[in-house]
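Laboratory data are not the source of any read-out in this text; all were calculated from the coordinates shown. Just so it is clear, the model here is predicted, and its values are computed rather than measured. Cβ: placed from backbone, ideal geometry, glycine included. Neighbour counts: every protein chain shown.
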Amino acid sequence: MENTPIIELKNLKKSFFIGNREIEVLKGIDLKIYKNESIAIIGQSGSGKTTLMNIIGCMDKATSGTYLFKGKDITTFSDDELSEIRNESIGFVFQQFHLIPYINALENVMLPTIYSKKPLDSVKQKAISLLTDLGMKDRLYNKPTQLSGGQQQRVAIARALINDPEIILADEPTGALDTKTSSEIMDILVSLNEKGKTLIIITHEVEVAERCKKNIRISDGKII
Amino acid sequence: MFRSISINLILAIKNLHTHKIRTLLSILGIAFGTLSLVIVSNITEMMKKKVSIEAEKYGKNLIIVSAGTSLTPGRGRTVFLPSKTLKESDAMEVKNSIPYVIDVSPSFSKTFPMRYKESRVSANAIGISPNYNKLRNINIYLGRYFTESEFENNEKKVILGYKIYENLFGKEDPIGKYVLLFRAPLEVVGVLEPMGVDLTGNDQDNQVLIPYSTMIRRILNVDYITSFYVQVADYNNLNEAKEEINKLLILRHKILSGQRSDFFVRAITDLVSIKDEATILVNDLGNTASILSYSIGGLGILAIMMMTVAERKREIGIRRACGATKKDIITQFLLEALFLTISGSGFGILISVVVTLLISHYALYPLAFSITSIFISIVLSFFLGLFAGIYPAKKASDVDPIEALY
């Protein structure tokens with residue numbers, strides 16, 4: 001079973017309606033991502049890479065085509081089933097960090113466990129050790145506004161890891177950070193890949209793409 | 001499930017904590033609604049308790065049959081025309097033929113001037129039958145109650161009400177002394193404890209008790225009585241017994257239909273319910289106020305929830321990305337709305353308890369709480385929370401996570 005891709009997209013299309021006009025954003029994407037790969041999906045803004053990420057991340061559904069997740073066709077999965085996949089198998093890292101402002105770092109990290117169906121114990125201990133590993137030991141009880149961008153992104157990465165997902169899906173993870181912090185965050189993401197996580201990064205930055213083993217370019221809704 | 005609810009609740013509290021004033025204002029409506037509901041019910045409860053204490057003081061499960069016609073010529077005035085048609089035999093027949101009745105006590109009351117040495121008072125003299133002290137609650141302050149033989153031999157003995165005793169004797173020991181009731185000399189055998197005004201409006205401290213037979217045979221020489229007390233075994237039969245007595249006396253007095261009767265029958269509960277009219281009014285006002293407050297409070301919560309959903313779209317997106325289903329989001333916002341309404345209600349209950357304690361303390365009412373109203377207010381606020389929360393929660397679950405995150 002080593003050859004089964006963790007994610008397989010077949011002739012995936014996605015279109016939106018703006019008024020009466022149908023705009024095709026993804027025009028037939030074929031893509032296989034295997035376990036423990038690290039892939040950068042590169043494209044200009046408007047190329048459809050964010051839409052592709054939303055579909056890969058089970059946040060959005062394709063208009064046509066097939067999406068196989070770990071060999072299972074999830075194209076027609078319900079909202080609840082997709083939520084379960086997001087919760088168990090995918091860890092998101094966003095450009096804008098997207099932490100909840102009124103709770104502290106530790107609580108933000110524990111957030112996905114609220115929705116987990118798996119029996120969990122010592123969630124708090126695990127969250128603390130994740131944050132500690134990311135160098136956030138002294139910031140456990142700080143609110144997001146009391147943290148720098150790099151620190152916030154570390155919290156977001158810890159949150160992405162709390163439910164032990166196979167895939168880390170990062171959308172422009174360094175887009176809001178300075179060069180030095182960017183490379184620190186990339187170091188973290190690359191090291192996660194080395195520890196066995198499948199890493200998918202959406203980016204338009206060459207420096208980021210270079211850190212991944214495989215690069216995929218997308219332009220005007222197609223892989224080139 | 002439980003874990004998710006408790007964590008969501010903690011998160012909700014943290015969020016509300018960041019908007020303290022807004023949260024406080026939003027729960028005020030519910031708090032006031034609860035306040036007026038619970039306070040009014042507590043006051044009603046306290047009044048009931050006070051009245052029942054008074055009724056208990058008056059005597060247990062009593063019906064009072066009085067001679068005379070009571071007319072209400074209008075504007076709530078009552079005119080009372082005395083009659084001489086109520087007989088001792090009426091009382092005996094009531095005792096013998098009505099099953100609920102365990103005892104009757106005929107009595108005759110009339111106001112007389114009363115004198116001891118140079119002191120004069122006007123006293124309400126009541127001729128009482130031997131069992132009077134078993135039907136009405138009386139406590140002897142000095143001396144004793146009449147003996148069997150004093151009743152049987154029509155002896156000229158008297159028990160004084162407390163004010164009469166004070167006015168006639170001051171600090172002098174009255175026992176064994178003779179007072180003049182109109183022209184009849186009576187020996188004082190006892191003095192009653194101060195009891196105040198009873199439920200029928202009689203000042204019990206301004207009355208004197210005389211053996212019934214002494215009163216109607218030796219002092220007045222009449223063959224009628226002014227009233228008799230009827231004691232019923234079970235409180236729940238009070239009204240049936242009252243009806244039966246009414247029927248029996250209409251028959252005995254040959255009252256034709258359409259004619260006014262020459263007697264009237266009151267149960268102790270009637271005396272209590274006269275006072276209740278005011279209570280009912282207060283109650284209705286309170287309930288109206290609380291319904292208004294609850295409605296406004298509910299709308300307030302609805303508005304706050306709509307606002308919070310609009311403000312927290314990004315949070316909803318984050319939660320969805322972290323694996324929250326639509327149902328999870330609905331649960332979260334419903335919980336928040338419920339938390340608001342129930343804490344509002346809790347706040348209201350707390351204040352109402354304090355206010356009730358103050359009222360009881362300063363208005364000298366016996367302390368009583370209406371557990372029912374507290375329960376109702378909690379249940380009501382729960383449903384109000386559901387009502388105010390369901391629409392915003394549905395809105396929240398419909399938030400498109402992609403739109404919310406970019």
Check your understanding: Quick one: Karplus J couplings for the range B:17-23, per residue in order, coefficients 6.51, -1.76, 1.60, θ = phi - 60°, nearest Hz, x for Gly and Pro?
Key -> 4, 6, 10, 4, 5, 4, 4
Review point. What's the average, rounded to a whole number, of partner chain beta-carbon atoms within 10 Å of each residue's beta-carbon in B:310-322?
Key: 6
Practice item. Starting from the Cα of B:Lys117, step 7 Å toward the Cβ, then list every residue of the range B:172-194 with an amide N under 18 Å from that point. Key: B:172-181, B:186-189
Practice item. Lys and Arg at +1, Asp and Glu at -1: add these up for the other residues within a Cβ distance under 14 Å of A:Leu192 and post the number. Key: 0
Check your understanding: How far apart, in nm, are the 7 Å Cα→Cβ label points at A:Asp164 and A:Asp73?
Key -> 3.1
**Study point:** Distribution of pairwise C-alpha distances over chain B, 10 Å bins, in %
**Key:** 4, 17, 19, 15, 12, 10, 9, 8, 4, 1, 0
Review point. Under a point spin-label approximation (7 Å from Cα along Cα-to-Cβ), what is the A:Lys180-B:Lys49 distance to one decimal in nm?
Key: 7.2
Exercise for review: Just add up the charged neighbours of B:Tyr165: K/R +1, D/E -1, any other residue whose Cβ is under 12 Å from the Cβ of B:Tyr165.
Suggested key: -2
Review point. Separation of the range B:305-358 and the range B:25-75 by C-alpha centroid, Å?
Key: 38
Exercise for review: Report the FRET efficiency, 1/(1 + (r/R0)^6), for B:Glu403 and B:His361, where r is their Cβ-Cβ distance and R0 is 56 Å, rounded to 0.05.
Suggested key: 0.45
Revision key, fill the gap. Here the range B:293-305 yields Karplus 3J(HN,Hα) values (6.51, -1.76, 1.60; θ = phi - 60°; whole Hz; Gly and Pro given as x) of 4, 4, 5, 4, x, x, 5, x, 4, 4, 4, 4, 5
Point to revise | Amide hydrogen neighbours beyond the local backbone of A:Ala40, cut-off 5 Å, H modeled | key: A:Ile201, A:Lys214, A:Asn215, A:Ile216
Exercise for review: Report, in degrees rounded to the nearest 10, the 0 to 90 angle that the Cα long axis of helix B:371-397 makes with the longest principal axis of chain B.
Suggested key: 20
Study note, to complete from the structure: The FRET efficiency for A:Arg217 and B:Glu311, from their Cβ-Cβ distance with R0 = 45 Å and rounded to 0.05, is 0.70
Practice item. Sort the following peptides by mean Cβ neighbour count (other Cβ atoms within 10 Å, averaged over residues), highest first: A:209-218, B:237-246, A:97-106. Key: A:97-106, B:237-246, A:209-218
Check your understanding: Considering only the other residues whose Cβ falls under 15 Å of the Cβ of B:Leu86, what net charge follows from Lys and Arg at +1 and Asp and Glu at -1?
Key -> +3
Review point. Taking 1 over the mean of 1/r across every pair of different Cα atoms in the protein assembly as shown, what Kirkwood radius in Å do you get?
Key: 32.1
Point to revise | Shielding score for A:70-83, defined as the mean number of other chain Cβ atoms within 10 Å | key: 2
Check your understanding: How well do other chains shield peptide A:93-104, expressed as the mean number of their Cβ atoms within 10 Å of each residue Cβ?
Key -> 4
**Study point:** Theoretical ellipticity at 222 nm over chain B - DSSP helices of four or more residues, -39500 (n - 2.57) apiece, nearest 500
**Key:** -18500 deg cm²/dmol
Point to revise | 3J(HN,Hα) from dihedral phi, the range B:135-150, Karplus parametrisation 6.51/-1.76/1.60, rounded to Hz, x for glycine, proline | key: 8, 8, 7, 10, 10, 8, 8, 10, x, 8, 8, 5, 8, 3, 6, 5
Check your understanding: Just how large is the dipole of the protein assembly as shown about the Cα centre, in debye to the nearest 20, putting +1 at every Lys and Arg Cβ and -1 at every Asp and Glu Cβ?
Key -> 600
Review point. Using 1/(1 + (r/R0)^6) with R0 = 56 angstrom and r between the beta carbons of B:Ile10 and B:Lys57, what's the FRET efficiency to the nearest 0.05?
Key: 0.55
Review point. In nm, to one decimal, how far is the modelled label at A:Glu210 from the one at A:Lys35, with both set 7 Å along Cα→Cβ?
Key: 3.2
Review point. Considering amide H positions built from the backbone, and no H for Pro or chain starts, which residues 5 or more places from A:Leu147, or on another chain, come under 5 Å of its amide H?
Key: none
